[in-house]
Amino acid sequence: MKKKSKRIKSKKPESKTSFSLTDVISMQDFSKHDIEFILEKASILELMHSSKKKTILFGKTVATLFFEPSTRTRLSFEKAAQDLGAEVIGFADPNTSSSGSKGESFSDTIKVVERYADLIIARTPIEGAPRRAAEISSKPIINAGDGSNQHPTQTLLDLYTIKKTFGKIDGLKIGFSGDLKYGRTVHSLSKALSHYKVDQYFIAPKELEMPQYYVENAKKSGKVKLTEDLYKYLGELDILYATRIQKERFPDPIEYQRIKNVYILDSKILSKVKKTFKIMHPLPRVNEIDPSLDETPHALYFDQLSNGIPVREALISILAGVKK
Amino acid sequence: MKKKSKRIKSKKPESKTSFSLTDVISMQDFSKHDIEFILEKASILELMHSSKKKTILFGKTVATLFFEPSTRTRLSFEKAAQDLGAEVIGFADPNTSSSGSKGESFSDTIKVVERYADLIIARTPIEGAPRRAAEISSKPIINAGDGSNQHPTQTLLDLYTIKKTFGKIDGLKIGFSGDLKYGRTVHSLSKALSHYKVDQYFIAPKELEMPQYYVENAKKSGKVKLTEDLYKYLGELDILYATRIQKERFPDPIEYQRIKNVYILDSKILSKVKKTFKIMHPLPRVNEIDPSLDETPHALYFDQLSNGIPVREALISILAGVKK
Amino acid sequence: MKKKSKRIKSKKPESKTSFSLTDVISMQDFSKHDIEFILEKASILELMHSSKKKTILFGKTVATLFFEPSTRTRLSFEKAAQDLGAEVIGFADPNTSSSGSKGESFSDTIKVVERYADLIIARTPIEGAPRRAAEISSKPIINAGDGSNQHPTQTLLDLYTIKKTFGKIDGLKIGFSGDLKYGRTVHSLSKALSHYKVDQYFIAPKELEMPQYYVENAKKSGKVKLTEDLYKYLGELDILYATRIQKERFPDPIEYQRIKNVYILDSKILSKVKKTFKIMHPLPRVNEIDPSLDETPHALYFDQLSNGIPVREALISILAGVKK
């Protein structure tokens, strides 16, 4: 959100009871206090009666601008906004948006929509576009994913899921498997976890291993173990955060087939894991997690998805009330 | 809806005052009691003041998943849900749904959406998909049409229209014209009418005549007459349910032109029919009914369409309140 | 809106306190009184508290049928309807509308939607289609643009913007620049301004000059000046209404480049214009107005866009309450 000179500044800019951001663009912008503030707010909203929740943004309008389709994320944001009593306008698909085809710039689209909405949620294939939107807009912007760059609400719902499930984040042993080289969700969550005392396990083939930057960062806040073997540390883990290995990453399709199948989670893992062990996944999955695990107490991925609602409600309700 | 072991069972599972279904998938699942229960509920909702109706599903969310576009059906369901005070999320078009393109299975899409919505309305080109959805989902499913298989809300609104117009269903003489061989609506309505004492008339060319199964079924509850001649029994009928003859059914386009024109309803019928005679049609029509009939008292097809609203409201309000 | 014989006629059909139209199709249908009535109503709605506004159309449904995409116009209408408490159904794109592909006529689509909605907003590429819709429909129609023909809500928001900014319309000196030959917005606004005492300046290249019909019309209510030179009268103007010059109008692309650049508004104009001078534009702009002007007090184009909300609210609230 552009800071206008006439903007009324919050009286307590960095107090322990406030949220310091006026836009949600990147997890890099979140202090530990900001994260904790959102998690706390989400847990309050999750327990709130719908009739009370409906009054929070009564009379407000939220715009959802999906410059690339993403049904899951869009429905989650729209439900969150509606649960808070806001009206939703927007587009689900660049093809139903005429602006681009008439040659309008991205800047002008934002300047138009800020006139209609109290808060803008933007999904775009272009990295950095939401940051640019925040610079232009006099209304708060929430980044709902910009290419392979950031998807901060995913990371916040991941953190919320961990805290809600285990009652804490500190002290946990959290593994990541799959594509750790390119995986946006993994990088963002691993980074955010370094605010806590967490041991991190990176389980990936050589071709897709965690970049050195994130490994070093993880070491600051806990022990780090790297392996290609899915089973090696499985018994130690509290959580395994599995991700998809994308075909496009491999020049050789046979190599892809081999590697992909190595990291499939199925009933074979059941005898190895702790009783309280949980599997997380950002969804959609293709075949990384066998559906036979869905009904086990280890499957946390659909609850994780549900947690996106209170987390997005927390962000929307806080930002839409920000004074300008 | 998947029956969980922890589901609180209705206290009166088959009493005269309850509805036995937790999903609306096929007319085959409806007992006569279920049908009557919906028709009664629809007539109550049709008379209810909008401010009272708006409270029924306040705070609830209904998802409309249109895996193939169907504007008329979608708008009708969305209006019904909104009239009841529910919020609506969903997609109108498979192209604006990213799930498929990311390789997500239909099962996972349902498992995702059940986390966001209290009730799911699904339209799909694939026969049987809504039944599968009901097996997976912990939330009620309403089938809004699955290929050439079922479209139960169409049949219920047809029955509601007949009862509302004539004050009864028993004792009526109801004809069907057009494509009786492939017509999903005709098969489903004819079958449902066999719960009542109705005489049925099947008026179609040899190539498109009513399948023997439905003819036999109709005979159980009333007299049945078959003819190729639209005019033969026209003076006897209370209702003629006209349907479209689709070009695709005919290998020979000349044969199509000949047959299509034989079953057109226009002002020529006016001198033959009873004063109270009504024409029904599932819409859209192409040229089966001449627009000159629209303003006559015989045209029931747009009222029939309007009746879709209270019928869908009845189903949505009952199912969204089902205990799990 | 089709006038049914059973329609209850307004008691004061042409009184000074009523609006004479039951549909908004063309600015040609608006008397000066009608225009003033809408501007007055819009100014009341702009100041009304959202919780009061939300009750105006509570329980009503507005349909937005966009037979061609137009995001800006659609979002503006949807926000206006939602601010008034109405529910919105519709489609954003002809491709998500199945009606056309099933061979349904435009007439039947209107006859269907009038059963679901209390008011219909239609955007179509076909000139005259909204007029046809109004003849068919028993519910009010608002034209949201029909090809190069009419876009009456744009003209009304332009007038509202002028009156709100200057406190009056009479006595102003208003210039138009760009494509005055084909520009729908320019023709419509110039015509509407002839209800007031306004001097009009037409600034365009020979190839794109204002048609004689509009020039003559403008002369009836004030002085008229024509020029190819953007700067010639710039110091006299209260308002310059800039429009886009479309490439498609020119057989010779070099000629297009030359002309286009002549009418660009940028910081060079600042030393020439009055302190109170304002720039209007229907948006989207391409390069007609340099973004460096956006932050100057002369830029009125985004406020102009915002004014579309109260103007559309005025029209929707008046028409949706029309007795039938």
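The values are calculated or read from the model by the stated rules, or taken from the named source; none is laboratory data. Quantities reported herein were computed from a predicted structural model and do not represent experimental measurements. Cβ placement follows ideal geometry from the backbone for every residue including glycine, while neighbour counts extend to all protein chains displayed. The area values use the complete protein model at the heavy-atom level, side chains included, leaving out ligands, DNA and RNA. Shrake-Rupley method; radii C 1.70, N 1.55, O 1.52, S 1.80 Å.
Things to note:
- Count of the range B:132-168 residues which are among the hydrophobic types (A, V, I, L, M, F, W, C) and part of a strand (DSSP E or B): 3
- Counting only residues that are in contact with a strand residue (DSSP E or B) (Cβ under 7 Å, 6 or more places away or on another chain) and of a type in the set (A, V, I, L, M), the range B:268-308 holds 6 of them.
- Among the residues of the range C:68-87, just one is at pLDDT below 95 and more than 7 Å from every other protein chain (Cβ to nearest Cβ), namely C:Glu68.
- The range A:303-324 - residue that is open to solvent by 20 Å² or more (accessible area, probe 1.4 Å) and modelled with pLDDT of 95 or more and, of those, farthest from A:Thr64 (Cα to Cα): A:Asp303
- Annotation: C:Arg184 fulfils all but one of (1) open to solvent by 20 Å² or more (accessible area, probe 1.4 Å); (2) touching a strand residue (DSSP E or B) at 6+ places or on another chain (Cβ under 6 Å); the unmet one is (2).
- When the range C:36-81 is limited to residues that are part of a loop (DSSP other than H, G, I, E, B) and closer than 25 Å to B:Arg74 by Cβ, the one that is most open to solvent (accessible area, probe 1.4 Å) turns out to be C:Phe58.
- Filter result for A:Lys163 (more than 13 Å from chain C (Cβ to nearest Cβ), open to solvent by 10 Å² or more (accessible area, probe 1.4 Å), touching a strand residue (DSSP E or B) at 6+ places or on another chain (Cβ under 8 Å) and on the phi < 0 side of the Ramachandran plot): no
- Listed conditions (1) surrounded by fewer than 20 Cβ atoms within 10 Å (Cβ to Cβ); (2) of a type outside the set (Phe, Trp, Tyr); (3) modelled with pLDDT under 95 are all met by C:Ile259, apart from (1).
- When the range C:278-295 is filtered for residues that are more than 9 Å from every other protein chain (Cβ to nearest Cβ) and either under 21 Å from C:Leu75 (Cβ atoms) or open to solvent by less than 30 Å² (accessible area, probe 1.4 Å) (or both), the ones remaining, listed by number, are C:Ile279, C:Met280, C:His281, C:Pro282, C:Glu288, C:Ile289, C:Leu293.
- Among the residues of the range B:87-97, the ones that are farther than 20 Å from B:Ser306 by Cβ and either part of a loop (DSSP other than H, G, I, E, B) or hydrophobic (A, V, I, L, M, F, W, C) (or both) come to 5 in all.
- Of the residues making up the range C:216-234, those that are in contact with a strand residue (DSSP E or B) (Cβ under 6 Å, 6 or more places away or on another chain) and either of a type in the set (A, V, I, L, M) or open to solvent by 80 Å² or more (accessible area, probe 1.4 Å) (or both) are C:Ala218, C:Lys223, C:Val224, C:Leu226, C:Leu230.
- Matching option when the condition is more than 30 Å from C:Ile279 (Cβ to Cβ), away from chain B (no Cβ under 14 Å) and among the charged types (D, E, K, R), among C:Arg184, C:Arg131, C:Arg115, C:Arg123: C:Arg131
- Filter pass, A:Gly90 being surrounded by fewer than 24 Cβ atoms within 10 Å (Cβ to Cβ), on the phi > 0 side of the Ramachandran plot, at pLDDT 95 or above and not β-branched (Val, Ile, Thr): no
- Failed item, numbered, when C:Lys163 is tested on (1) within 19 Å of C:Ile35 (Cβ to Cβ); (2) basic (Lys, Arg); (3) not assigned by TED's automatic domain parsing to the domain that holds C:Arg258: (3)
- Residue within the range B:312-320 that is touching a Ser or Thr at 6+ places or on another chain (Cβ under 7 Å) and under 20 Å from B:Asp179 (Cβ atoms) present: no
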